[in-house]
Amino acid sequence: MVKICCIGAGYVGGPTMAVIALKCPEIQVAVVDIASARINAWNSDHLPIYEPGLDDVVKQCRGKNLHFSTDVEKHVAEADIVFVSVNTPTKTQGLGAGKAADLTYWESAARMIGDVSKSDKIVVEKSTVPVKTAEAIEKILTHNRKGINFTILSNPEFLAEGTAIKDLYNPDRVLIGGRETPEGAKAIQTLRDVYAHWVPIDKILCTNLWSAELSKLAANAFLAQRISSVNAMSALCEATGADVSQVSHAIGTDSRIGPKFLNASVGFGGSCFQKDILNLVYICECNGLPEVATYWKQVIKVNDYQKTRFVNRVVSSMFNTVSGKKIAILGFAFKKDTGDTRETPAIDVCKKFDWDHPAHLQPSSPTSIKTVSVVWDAYEATKDAHGICIMTEWDEFKKLDYQKVYDNMQKPAFVFDGRNIVEVEKLRKIGFIVYSIGKPL
Ligand code: NAD
Ligand code: UGA
């Protein structure tokens, strides 16, 4: 019987292991983390992350073949396969600050695996890491050898938040990279057998280690690039009278382009797109490829431009100042169906509004108190507001009674739709002044 341990009980480790446990009842799965509050939450009725369908999967397996624990060393020592799904944020200081991936958590996990292991193990990179990380991990693990064999695999995760369970049940592909040696091939086969419990074999792609590591960064860069491309078009649409939804539809019907990831927005957010592109940019620079680095950097520049453009539109429409005005921010998560607010565009937008506030120029005046408050109800948030900014495309905001919202707002009442979810004409008939990304004003 194979025993699996996953280090890191986060947005990836938790759902991924819960689905493995559900689909492979004969495999014992332990998810471990140093954050005891997180582990306690995984063992409670209030899971630490919101993800549709996750509660149900966890309830079916927890206490049977799925365990959440802070006893990291014990579970790692007992496992045949150790997934490492710790966070790999952007470095904030030192060499490569602001771009390179911070592998501190990864390195400490690898050292711990080396220290506590008493039997051979397959160590799987589940976190998104720079290409060639497996080489460094191999060095760390084999340094302390004691006659134990460690085989490293790269098995990047492609799930998106909000649809994680659906994505894990029906992945477009599972990617496994390994060394092109007999041990590497055997380890690939072992991991392939785990996924083959529910993933069709032709969807399990096997490559060398570096291709798997780089494919993850490349996939996120390509996805983000599509969003920046359509957002760049949205600016041109506004300048010319074209409608970005119509343009997206028209280009997306070309089967070579495809319809997905062409929704113009206030900008992409989330913990990964920006971090992974910056990581890619850094790798290009380190490999003497400045032109390639500049190409990918532009994806982030356009994303920043889109957020700034949105804020400038709000401020200029509202008579060039938001000082003393109430703005209702509808939605704070970086996309719908998740509670995750990491790198959400809403944070940047709110910060930029704050800069417009003249109080910043007079720090001692009473108006310098930051007036941000959080409420559950959209009607309460919009009451007496001068403007509404839709930051997340929650279904709830499509179904609001906008007449009721309008009646309770200050006039003129503005709606700035950062997700293109409202019916512009309907709202204009009610009396709103509406700005939608990439649509005629
Ligand atoms: P997360 O911050 O939610 O979870 C990481 C967990 O690792 C934390 O709970 C942390 O306490 C734990 N941890 C850190 N160091 C540890 C150690 N030494 N021992 C034990 N536990 C430790 O992060 P996440 O969103 O799950 O992302 C994890 C990785 O997966 C990242 O590399 C990310 O780029 C990648 N990824 C994320 C997503 C996503 O949708 N969030 C999707 C695909 C890939
Ligand atoms: C993304 C990828 O889609 C996953 O495949 C990948 O595994 C993951 O990053 C990761 O590596 O972390 P995620 O960030 O969870 O997943 O969510 P997405 O659906 O990709 O959305 C990212 C951002 O782009 C959100 O802010 C979303 O609102 C925005 N977006 C998305 C648009 O503005 N327009 C679109 O057409 C699509």
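The values are calculated or read from the model by the stated rules, or taken from the named source; none is laboratory data. Just so we're clear, the structure is a prediction, and the values are computed from it rather than from any experiment. Cβ placement follows ideal geometry from the backbone for every residue including glycine, while neighbour counts extend to all protein chains displayed. Only protein heavy atoms, including side chains, enter the accessible area calculation; ligands, DNA and RNA are left aside. Shrake-Rupley method; radii C 1.70, N 1.55, O 1.52, S 1.80 Å.
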Could you list, in sequence order, the residues of the stretch 99-110 that are of a type in the set (Phe, Trp, Tyr) and open to solvent by 60 Å² or more (accessible area, probe 1.4 Å)? Tyr105
If you scan the stretch 403-416, which residues turn out to be more than 21 Å from Phe310 (Cα to Cα) and touching a Lys or Arg at 6+ places or on another chain (Cβ under 7 Å)? Asn408
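The rows are residues; the columns are (1) open to solvent by less than 10 Å² (accessible area, probe 1.4 Å); (2) touching a Lys or Arg at 6+ places or on another chain (Cβ under 9 Å).
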position: Lys74; (1), (2): no, no
position: Val82; (1), (2): yes, yes
position: Ala97; (1), (2): no, yes
position: Gly114; (1), (2): yes, yes
position: Ser154; (1), (2): yes, yes
position: Glu157; (1), (2): no, yes
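Please pick out the residue among Ser215, Ser228 that is within 30 Å of Thr90 (Cβ to Cβ) and within 16 Å of ligand 1 (Cβ to nearest atom).
Step by step, each of Ser215, Ser228 is checked, and only Ser215 is within 30 Å of Thr90 (Cβ to Cβ) and within 16 Å of ligand 1 (Cβ to nearest atom).
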Scan the stretch 282-296 and give yes if some residue there is open to solvent by 30 Å² or more (accessible area, probe 1.4 Å), in contact with a Gly (Cβ under 7 Å, 6 or more places away or on another chain) and not in a loop (DSSP other than H, G, I, E, B), otherwise no. yes
Which residue is most open to solvent (accessible area, probe 1.4 Å), if the candidates are limited to the stretch 413-441 and must be of a type in the set (Lys, Arg) and under 25 Å from Leu262 (Cα atoms)? Lys426
Within the stretch 130-152, can you find the residues that are open to solvent by 30 Å² or more (accessible area, probe 1.4 Å) and within 16 Å of ligand 2 (Cβ to nearest atom)? Val131
Among (1) in contact (Cβ under 8 Å) with a residue 24 or more places away in the chain; (2) open to solvent by less than 30 Å² (accessible area, probe 1.4 Å); (3) in contact with a helix residue (DSSP H, G or I) (Cβ under 8 Å, 6 or more places away or on another chain); (4) not acidic (Asp, Glu) - the single one Gly270 does not satisfy: (3)
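Within the bounds of the stretch 201-209, is there any residue that is in a helix (DSSP H, G or I), open to solvent by less than 50 Å² (accessible area, probe 1.4 Å) and more than 16 Å from ligand 1 (Cβ to nearest atom)? I'd like the intermediate steps shown before the answer.
So in the stretch 201-209, the residues in a helix (DSSP H, G or I) come out as 201-203, 209.
From what is left, the residues that are open to solvent by less than 50 Å² (accessible area, probe 1.4 Å) are 209.
Now drop any that are not more than 16 Å from ligand 1 (Cβ to nearest atom), which leaves 209.
For the stretch 201-209, residues in a helix (DSSP H, G or I), open to solvent by less than 50 Å² (accessible area, probe 1.4 Å) and more than 16 Å from ligand 1 (Cβ to nearest atom): present.
Every residue, every condition in (1) within 9 Å of ligand 1 (Cβ to nearest atom); (2) touching a helix residue (DSSP H, G or I) at 6+ places or on another chain (Cβ under 6 Å); (3) at positive phi, yes or no:
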residue: Val2; (1), (2), (3): no, no, no
residue: Gly13; (1), (2), (3): yes, no, no
residue: Asp33; (1), (2), (3): yes, yes, no
residue: Ile49; (1), (2), (3): yes, no, no
residue: Leu54; (1), (2), (3): no, yes, no
residue: Lys59; (1), (2), (3): no, no, no
residue: Lys64; (1), (2), (3): no, no, no
List, please: which pairs have Cβ atoms under 8 Å, are six or more places apart or on different chains, and start with a residue in the stretch 185-201 that is on the phi < 0 side of the Ramachandran plot and end with one that is crowded, with 18+ Cβ neighbours inside 10 Å and part of a loop (DSSP other than H, G, I, E, B)? Leu191/Asn155; Val194/Cys24; Val194/Ile27; His197/Cys24; Val199/Pro171
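So that you can scan it fast, the table gives a plain yes or no per residue for (1) in a helix (DSSP H, G or I); (2) closer than 17 Å to Ile122 by Cα; (3) open to solvent by 60 Å² or more (accessible area, probe 1.4 Å); (4) touching a Pro at 6+ places or on another chain (Cβ under 6 Å):
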| position | (1), (2), (3), (4) |
| --- | --- |
| Gly184 | yes, yes, no, no |
| Gln189 | yes, yes, yes, no |
| Arg192 | yes, yes, yes, no |
| His197 | no, no, yes, no |
| Ala218 | yes, no, no, no |
| Arg226 | yes, no, no, no |
| Leu236 | yes, no, yes, no |
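Of the residues in the stretch 13-45, how many are among the aliphatic types (A, V, I, L, M), closer than 23 Å to Tyr105 by Cα and assigned to a helix (DSSP H, G or I)?
Within the stretch 13-45, the subset among the aliphatic types (A, V, I, L, M) is 17-22, 27, 29-32, 34-35, 37, 39, 41.
Narrowing the set further to residues that are closer than 23 Å to Tyr105 by Cα leaves 17-18, 29-32, 34-35, 37, 39, 41.
Still in the running and assigned to a helix (DSSP H, G or I): 17-18, 37, 39, 41.
Qualifying residue count, the stretch 13-45: 5.
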